[in-house]
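**Q** Handing you a structure now.
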Ligand SMILES: Nc1ncnc2c1ncn2[C@@H]1O[C@H](COP(=O)(O)OP(=O)(O)OP(=O)(O)O)[C@@H](O)[C@H]1O
Ligand SMILES: [Mg+2]
């Protein structure tokens with residue numbers, strides 16, 4: 001049964017969605033459909049920080065990633081996994097006709113303008129990778145711009161894990177192209193050093209009847225702003241985006257999602273969870289879903305939950321749903337920001353659980369569902385431990401009095 | 001045999017106008033196997049007594065002592081008190097997002113016992129205890145108290161009571177908000193825990209209806225931060241008939 005009886009346009013920010021900061025729900029002044037996209041940096045004016053797509057980002061901490069200047073460094077790559085994965089460097093001109101989506105903001109357009117050569121990862125059509133591909137990328141200072149294309153052919157199946165470490169100012173564009181019936185799980189783990197800045201855009205094209213799972217895990221870095229844009233090349237596609245982030249003192253972790261339903265009978269599910277602790281820890285989550293008039297039979301749901309562990313941390317959460325057709329299977333969104341407070345701590349301790357373990361219990365439980373989606377057990381274990389290290393980083397004063 | 005001894009306990013809370021004294025010299029001894037009912041008007045300090053024994057940081061003890069088998073309870077952290085054998089079933093149980101009931105129960109049991117419970121018997125024990133309390137098994141996978149109705153929260157408190165096996169239980173209005181069937185189910189749970197563990201009970205209530213299921217050995221009248229009268233079960237009936245007026249006039 002369609003959710004809406006008539007064709008209509010709705011722009012519905014959740015009331016109180018950004019309860020911890022602005023009080024007023026934000027109503028975007030334009031549809032996502034009208035937002036500019038271009039490969040040329042010159043097509044984007046330099047943002048002042050008041051624009052819808054930049055208003056949450058601390059513009060003075062972008063470490064030159066909005067300067068249209070060449071890359072100074074490159075990340076060091078370490079690739080492990082099945083040989084069937086092809087890795088090559090190609091001139092961008094050679095990729096005409098591949099259907100690479102144009103960047104959606106200035107930072108990404110600078111990457112595509114400046115990076116003449118593109119790193120291409122290819123899983124040929126029909127090939128099923130039995131083992132995950134793991135790519136460990138390490139930054140070593142300076143400013144690094146990179147454009148990577150991951151192409152998974154029709155009916156191919158792959159799991160790709162990108163792990164980011166070290167320090168750099170990283171401008172990233174990752175274009176993900178999936179063929180008909182492909183099945184891709186893509187994990188991007190940000191475990192940067194505390195000084196790194198990462199402004200990335202992942203553009204994911206979901207083939208006809210293809211399934212893409214995109215999992216973002218952001219723990220490290222001084223500032224991380226990751227925009228994930230999904231679009232559908234044909235009907236029947238499925239996009240499942242999940243994320244976890246843990247922001248501690250001084251960190252700004254921003255995840256922006258845009259799911260553009262332009263093909264009929266596609267589904268999307270977006271679920272991000274974040275924990276925050278420490279002074280001026282900051283997280284931003286923006287989830288835009290656009291259901292265009294053609295996209296009949298769409299089924300979509302997005303949810304963001306935040307857990308604020310200490311005073312002084314702030315989570316912003318802004319879901320937006322625009323619907324241009326009533327002929328859909330369903331569309332929903334939710335956002336909730338909760339606090340781990342003294343009463344919860346007392347309750348758990350009153351059942352014999354020591355304070356540190358009580359905090360671990362709450363945070364581990366909060367992230368468990370999403371970490372369980374990562375198809376590599378070793379990474380699951382590693383992340384669970386990494387989250388617990390984050391938790392231990394702030395020494396908690398025993399309750400006084 | 002366990003003895004909880006409360007001597008001359010005075011407790012304050014911090015208010016905007018400075019500390020406010022709420023408990024003014026409470027004396028009470030609860031032994032294994034005994035059931036003590038505490039009845040008294042709203043705001044007289046009954047919950048304050050229960051929270052202070054459990055160690056809630058909001059309450060400052062300004063005088064007196066609380067010991068459990070001679071051990072200084074007031075010197076212990078909240079979790080140490082629980083591990084020493086005290087249990088507080090709260091008047092308003094707290095929601096803990098992100099932690100499932102089953103995970104919570106297992107973690108609490110491991111903490112109390114000092115070792116993880118044997119998985120197979122534990123799962124069976126939890127099932128059986130939930131069943132006896134007429135709790136749907138799906139509660140195990142829900143987050144602690146999140147979205148539970150008032151009555152469901154109280155059942156969940158008693159579920160913990162049965163599984164964690166404390167020596168002394170403080171029940172703060174565990175009966176309020178329960179319908180007649182739930183009251184019986186919950187009371188039976190408390191009685192099972194009592195028998196299984198020779199548990200001592202301090203039961204705070206406004207109503208005698210729960211005392212028909214959980215029979216008190218002693219009834220204490222609590223007014224204005226202290227116990228003003230003690231008696232047997234008959235005192236409860238008298239209070240229900242006549243209210244607290246004659247004690248309030250005195251106070
Ligand atoms: N922060 C505070 N500031 C001022 N007064 C407080 C504060 N906290 C508690 N009190 C007061 O302490 C008194 C005792 O409260 P308590 O909750 O112990 O009462 P109670 O006997 O359990 O009442 P009820 O039967 O309604 O549950 C009340 O008058 C309450 O208003
Ligand atoms: Mg009370």
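**Q** Could you give the radius of gyration (one decimal) and Dmax (whole number) of the Cα atoms in the protein assembly as shown, in Å?
**A** Cα-based Rg and Dmax for the protein assembly as shown come out at 29.7, 95 Å.
**Q** Sorted from fewest to most neighbouring beta carbons within 10 Å, what does the list A:374, A:110, A:303, B:6 look like? Let's see the in-between values first.
**A** Numbers: A:374 24, A:110 27, A:303 18, B:6 21.
Going from sparsest to densest Cβ surroundings: A:303, B:6, A:374, A:110.
**Q** Would you kindly calculate the mean projected area, averaged across all directions, of the convex hull enclosing the Cα atoms of the stretch B:24-134, in square nanometres? The partial results should precede the final answer.
**A** Numbers: hull surface 37.3 nm².
Taking the Cα atoms of the stretch B:24-134, their convex hull projects to 9.3 nm² on average.
**Q** Now a separate question. Could you check how many percent of all C-alpha pairs in the stretch B:151-215 are farther apart than 20 Å?
**A** Numbers: 301 of 2080 pairs.
In whole percent, the share of Cα-Cα pairs in the stretch B:151-215 beyond 20 Å is 14.
**Q** Right, next: How long, wide and thick is the stretch A:20-166, going by the Cα atoms along their three principal axes, in whole angstroms, largest first?
**A** Computed over the Cα atoms, the extents are 50, 37, 34 Å.
**Q** Compute the length gained on full extension between residue A:310 and residue A:329: take 0.36 nm times their separation in residues and subtract their Cα-Cα distance, giving the result in nm to one decimal. Show your work: numbers first, answer last.
**A** Numbers: separation 19, 0.36 × 19 = 6.84 nm, distance 3.96 nm.
Result: 2.9 nm gained on full extension.
**Q** Using a basic spin-label model with each label point 7 Å from the Cα along Cα→Cβ, how many nm lie between residue A:117 and residue A:92?
**A** Each label point lies 7 Å from its Cα, and together they span 1.5 nm.
**Q** Need one word for the stretch A:322-397: rounded, prolate or oblate. Basis is the Cα gyration tensor (sqrt eigenvalues a ≥ b ≥ c); a/c below 1.5 gives rounded, then a/b vs b/c decides. Each step should come with its number before you reach the end.
**A** Values: a/c = 3.02, a/b = 1.65, b/c = 1.83.
It is oblate, given that a/c is not under 1.5 and a/b is not larger than b/c.
**Q** A further question on this structure: Would you mind computing, in nm to one decimal, how far apart the modelled labels at residue B:118 and residue A:279 are, each placed 7 Å from Cα along Cα→Cβ?
**A** It works out to 5.2 nm between the two label points.
**Q** For residue A:83 and residue B:131, what does the FRET efficiency come to when R0 = 56 Å and r is the distance between their Cβ atoms, rounded to the nearest 0.05?
**A** Working: r = 55 Å, r/R0 = 0.97.
Rounded to the nearest 0.05, the efficiency is 0.55.
**Q** Follow-up. Sorted from largest down, give the three principal axis spans of the alpha carbons of the stretch A:95-246, whole angstrom values.
**A** Ordered largest first, the stretch A:95-246 gives principal extents of 41, 30, 21 Å.
**Q** Between residue B:60 and residue B:8, what FRET efficiency comes out of the Förster formula 1/(1 + (r/R0)^6) with R0 = 25 Å and r the beta carbon distance, rounded to 0.05?
**A** 0.95
**Q** Sticking with this one: How crowded by other chains is A:352-364, given as the mean number of beta carbons from other chains within 10 Å of each beta carbon?
**A** Working: counts 20, 10, 7, 3, 0, 4, 8, 0, 1, 8, 6, 2, 4.
Partner-chain Cβ atoms within 10 Å, mean over residues of A:352-364: 6.
**Q** I would also like to ask the following. Please give the per residue volume of the convex hull enclosing the alpha carbon atoms of the stretch A:82-148, rounded to a whole number of Å³. Kindly include the intermediate steps, with their values, before the conclusion.
**A** Details: hull volume 8.1 nm³, N = 67.
Considering the Cα atoms of the stretch A:82-148, their hull volume per residue is 122 Å³.
**Q** Take residue A:39 and residue A:342, extend 7 Å from each Cα along the Cα→Cβ direction, and tell me the distance between the two endpoints in nm.
**A** For the pair residue A:39/residue A:342, the computed spacing is 6.0 nm.
**Q** Right, next: Take the alpha-carbon positions of the stretch A:222-287, form their convex hull, and give its projected area averaged over all directions (one quarter of the hull surface) in nm². Can you show the working numbers first?
**A** Details: hull surface 16.6 nm².
Average projection, Cα convex hull of the stretch A:222-287: 4.1 nm².
**Q** Can you tell me which of A:98, A:54, A:77 moves the most in a GNM of chain A? Springs connect C-alpha atoms under 10 Å apart.
**A** Comparing A:98, A:54, A:77 in a Gaussian network model of chain A, the most mobile one is A:98.
**Q** Work out the mean other chain Cβ neighbour count within 10 Å for the residues of A:337-349 and drop it here as an integer.
**A** 6
**Q** Could you work out the mean count of beta carbons from other protein chains within 10 Å of each residue's beta carbon in A:88-94?
**A** On the way: counts 0, 0, 0, 0, 0, 0, 0.
Per residue, the number of nearby Cβ atoms from other chains is 0 on average.
**Q** Continuing with the same structure: Within 10 Å of each residue's Cβ, count the other Cβ atoms and sort B:110, A:88 from fewest upward. Can you show the working numbers first?
**A** Details: B:110 16, A:88 12.
Starting with the residue having the fewest Cβ neighbours, the order is A:88, B:110.
**Q** Also, quick follow-up: Which whole-number percentage describes the relative contact order of chain A, with Cα contacts under 8 Å and a sequence gap of 6 or more?
**A** RCO, chain A: 14 percent.
**Q** Comparing B:188, B:141, B:80, which has the greatest mean-square fluctuation in the GNM of chain B with Cα pairs linked when under 10 Å apart?
**A** It is B:141.
**Q** Taking a cut-off of 24 Å, what percent of all Cα-Cα pairs in the stretch A:201-324 are separated by more than that? Working shown, then result.
**A** Values: 2238 of 7626 pairs.
When all Cα pairs of the stretch A:201-324 are counted, 29 percent exceed 24 Å.
**Q** With contacts defined as alpha carbon pairs under 8 Å and 6 or more residues apart, what's the relative contact order of the stretch B:186-251 in percent? Intermediate results must be reported in sequence, preceding the final value.
**A** On the way: 44 pairs, mean separation 16.3, N = 66.
Over the stretch B:186-251, the number comes to 25 percent.
**Q** Rounded to the nearest angstrom and ordered from largest down, what semi-axes does the equivalent ellipsoid of the stretch B:107-227 get from its C-alpha gyration tensor (root of 5λ)? The partial results should precede the final answer.
**A** Numbers: eigenvalues 132, 60, 35 Å².
Over the Cα atoms of the stretch B:107-227, the ellipsoid semi-axes are 26, 17, 13 Å.
**Q** Here's a follow-up. Suppose the chain between residue B:234 and residue B:15 were pulled fully straight at 0.36 nm per residue; how much longer would it get relative to their current alpha carbon spacing?
**A** Working: separation 219, 0.36 × 219 = 78.84 nm, distance 3.80 nm.
Gain in length upon complete extension: 75.0 nm.
**Q** Using only the alpha-carbon atoms, what does chain B span along each of its principal axes? Please give whole angstrom values in decreasing order.
**A** Computed over the Cα atoms, the extents are 56, 39, 39 Å.
**Q** Where does each of A:280, B:12, B:44 land when they are ranked from fewest to most other beta-carbon atoms within 10 angstrom?
**A** On the way: A:280 14, B:12 18, B:44 24.
The most exposed by this proxy come first: A:280, B:12, B:44.
**Q** Of the residues A:122, A:51, A:271, which exhibits the maximal mean-square fluctuation in a Gaussian network model of chain A defined by a 10 Å Cα contact cut-off?
**A** Comparing A:122, A:51, A:271 in the GNM, the peak value goes to A:51.
**Q** Nearest 0.05, what FRET efficiency do residue B:188 and residue B:1 give at R0 = 25 Å with Cβ-Cβ as r?
**A** Numbers: r = 25 Å, r/R0 = 0.99.
According to the calculation, E is roughly 0.50.
**Q** For residue B:215, project a label point 7 Å along Cα to C-beta. Then give me every residue of the stretch B:225-242 with its amide nitrogen under 16 Å of that point.
**A** B:232-237
No value in this document is a laboratory result; all are computed from the given coordinates. Everything numeric in this text was worked out from a predicted model, so none of it was measured. Virtual Cβ from ideal backbone geometry, glycine too; neighbours counted across all protein chains shown.
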